[in-house]
Amino acid sequence: MDENIRAAADMLSRARKVVALTGAGISKESGIPTFRDAQTGLWANYNPEELATPSAFRRNPGLVWRWYDMRRQALVNVEPNPGHHALVALEKQLPDLMIVTQNVDGLHAQAGSRNVLELHGNITRTKCFDRDHLADHVSLGLDQPPSCTVCGSLLRPDVVWFEEALPEKELSIAFEASQSCDVMLVIGTSGLVQPAASLPLRAKRAGAKLIEVNPTETPISQIADLHLSGPSGAILPLIVSALATR
Ligand code: BV8
């Protein structure tokens with residue numbers, strides 16, 4: 001592992017532009033279950049991919065609202081972990097670091113990262129279903145979604161559901177950054193959800209080095225130049241200190 005840490009620091013030391021693509025794995029050590037972790041309690045019988053869709057919300061707005069309310073309540077006592085903080089430290093050494101996250105928990109910004117692109121929105125923001133009117137101060141613990149004060153349609157979390165298009169602006173910035181970076185760190189993602197999962201291949205095809213940080217192999221492992229196997233909260237601080245002491 002030490003050799004791989006040194007090799008990763010070496011690649012980063014030679015990079016001008018770095019992108020860090022993160023998934024649910026980087027938030028696991030903050031206590032947020034990943035999408036592929038089994039759901040527990042009330043939600044054990046539901047598959048996230050079936051709840052995170054417009055059709056699920058149309059069919060049963062209360063159920064979907066309560067699922068997101070539970071996730072928002074869980075966020076109240078959650079802090080960024082050493083993995084998030086390592087990326088803040090990395091940004092100090094590599095000012096041109098961009099974080100492209102699939103996560104909706106807001107932990108990168110909460111840790112202090114300045115250049116964060118949220119591809120799938122943010123669970124702490126709420127908008128209305130019909131016209132995307134943003135709503136603030138929506139209380140936790142409601143059983144049913146409130147109605148928009150502007151147009152009357154139901155409120156929903158400001159996240160990108162399956163079968164919904166990603167925000168055009170963020171996606172084109174992510175595509176451009178993937179195609180122009182020298183190194184892409186791919187951290188804590190199973191690489192299954194499109195179009196985010198296509199970013200590492202875009203980077204590779206454009207000549208970037210890929211460094212994957214994940215306890216398990218993923219489809220991205222096949223094209224990665226380095227696979228550092230382990231939790232990002234342990235591995236990222238090692239990479240950052242190896243880079244700082246070069
Ligand atoms: C779209 C917000 C089109 C909601 C999420 C091809 C092209 C385009 C679309 C598709 C396509 N094929 C299929 C599709 C449809 C679909 C899709 O990809 N389906 C998959 C399931 C096959 N894609 C879409 O629907 C996207 N929309 O393309 O629209 C379109 C165009 C025009 C007009 C209309 C439509 C929308 C996708 C976004 C969905 N929303 N989130 C919410 O959060 O509730 S995705 C959601 O799942 C998360 O945000 C996250 O992105 C994803 C989960 O993935 P990961 O982050 O990778 O997490 P996962 O649990 O899978 O893995 C965790 C990893 O961490 C594991 O590898 C594990 O080993 C590792 N790990 C564990 N512990 C640690 C760790 N790593 C490091 N440290 C640790 N300690």
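The values are calculated or read from the model by the stated rules, or taken from the named source; none is laboratory data. A quick note: this is a predicted structure, and the numbers were derived from the prediction, not measured. Here Cβ is always computed from backbone atoms with ideal geometry, including for glycine, and neighbour counts include all displayed protein chains. Accessible surface areas use protein heavy atoms only, side chains included; no ligands, DNA or RNA. Shrake-Rupley method; radii C 1.70, N 1.55, O 1.52, S 1.80 Å.
If you check Ser198 against the conditions, is it assigned to a helix (DSSP H, G or I), small (Gly, Ala, Ser), open to solvent by 10 Å² or more (accessible area, probe 1.4 Å) and within 13 Å of the ligand (Cβ to nearest atom)?
The answer is yes for Ser198.
Which residues, taken from segment 201-215, are away from the ligand (no atom under 15 Å from the Cβ) and part of a helix (DSSP H, G or I)?
The answer is Ala203, Lys204, Arg205.
Residues checked against (1) more than 12 Å from the ligand (Cβ to nearest atom); (2) assigned to a loop (DSSP other than H, G, I, E, B); (3) of a type outside the set (A, V, I, L, M, F, W, C):
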{"site": "Leu42", "(1), (2), (3)": "yes, no, no"}
{"site": "Glu50", "(1), (2), (3)": "no, no, yes"}
{"site": "Gln73", "(1), (2), (3)": "yes, no, yes"}
{"site": "Ala86", "(1), (2), (3)": "no, no, no"}
{"site": "Ala89", "(1), (2), (3)": "yes, no, no"}
{"site": "Ile99", "(1), (2), (3)": "yes, no, no"}
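For segment 216-237, give me each residue that is within 14 Å of the ligand (Cβ to nearest atom), open to solvent by 20 Å² or more (accessible area, probe 1.4 Å) and in contact with a helix residue (DSSP H, G or I) (Cβ under 8 Å, 6 or more places away or on another chain).
Residues satisfying the conditions are Pro219, Ala224, His227, Pro231, Ala234, Pro237.
Considering segment 52-71 alone, what residues qualify as being part of a helix (DSSP H, G or I), open to solvent by less than 20 Å² (accessible area, probe 1.4 Å) and not hydrophobic (A, V, I, L, M, F, W, C)?
Once the filter is applied, which keeps residues that are part of a helix (DSSP H, G or I), open to solvent by less than 20 Å² (accessible area, probe 1.4 Å) and not hydrophobic (A, V, I, L, M, F, W, C), segment 52-71 yields Pro54, Gly62, Tyr68, Asp69.
Starting from residues that are assigned to a strand (DSSP E or B) and open to solvent by less than 30 Å² (accessible area, probe 1.4 Å), keep the ones in segment 107-126 and report whichever is farthest from Glu91 (Cα to Cα).
Residues of segment 107-126 assigned to a strand (DSSP E or B): 116-118, 121-126.
This time we only want the ones that are open to solvent by less than 30 Å² (accessible area, probe 1.4 Å), so: 117, 121-123, 126.
Values: Leu117: 14, Gly121: 22, Asn122: 22, Ile123: 24, Thr126: 29 Å.
Per the stated criteria, the residue is Thr126.
Please verify whether Pro145 is farther than 30 Å from Gly230 by Cβ, within 11 Å of the ligand (Cβ to nearest atom) and in contact (Cβ under 8 Å) with a residue 40 or more places away in the chain, treating the condition exactly as stated.
So Pro145 fails the test.
Among the listed residues Val138, Val160, Val183, identify the single one that is in contact (Cβ under 8 Å) with a residue 24 or more places away in the chain, of a type outside the set (Ser, Thr, Tyr) and open to solvent by less than 30 Å² (accessible area, probe 1.4 Å).
Val183
For segment 141-157, name all the residues that are out of contact with any Pro (no Cβ under 8 Å at 6 or more places or on another chain), open to solvent by 30 Å² or more (accessible area, probe 1.4 Å) and in a loop (DSSP other than H, G, I, E, B).
Across segment 141-157, the qualifying residues are Gly141, Leu142, Asp143, Pro146, Thr149, Val150, Cys151, Gly152.
Which condition does His85 not pass, out of (1) at pLDDT below 95; (2) farther than 27 Å from Ser153 by Cα, if it passes all the others?
(1)
Tell me the residue from Leu201, Leu210, Leu155, Leu171 that is assigned by TED's automatic domain parsing to the domain that holds Ala8 and either in contact with a strand residue (DSSP E or B) (Cβ under 8 Å, 6 or more places away or on another chain) or at pLDDT below 95 (or both), please.
Result of the check over Leu201, Leu210, Leu155, Leu171: Leu210.
Here's a check for you: in segment 163-180, which residue that is in contact (Cβ under 8 Å) with a residue 40 or more places away in the chain and among the charged types (D, E, K, R) is most open to solvent (accessible area, probe 1.4 Å)?
For segment 163-180, the residue satisfying everything is Glu163.
If we keep just the residues of segment 27-40 that are at pLDDT 85 or above, open to solvent by 80 Å² or more (accessible area, probe 1.4 Å) and part of a loop (DSSP other than H, G, I, E, B), which is farthest from the ligand (Cβ to nearest atom)?
The residue in question is Pro33.
State which residue is farthest from Leu119 (Cα to Cα) when the search covers only segment 11-26 and only residues that are open to solvent by 10 Å² or more (accessible area, probe 1.4 Å) and not in a helix (DSSP H, G or I).
Filtering segment 11-26 for residues that are open to solvent by 10 Å² or more (accessible area, probe 1.4 Å) and not in a helix (DSSP H, G or I), the one farthest from Leu119 (Cα to Cα) comes out as Arg14.
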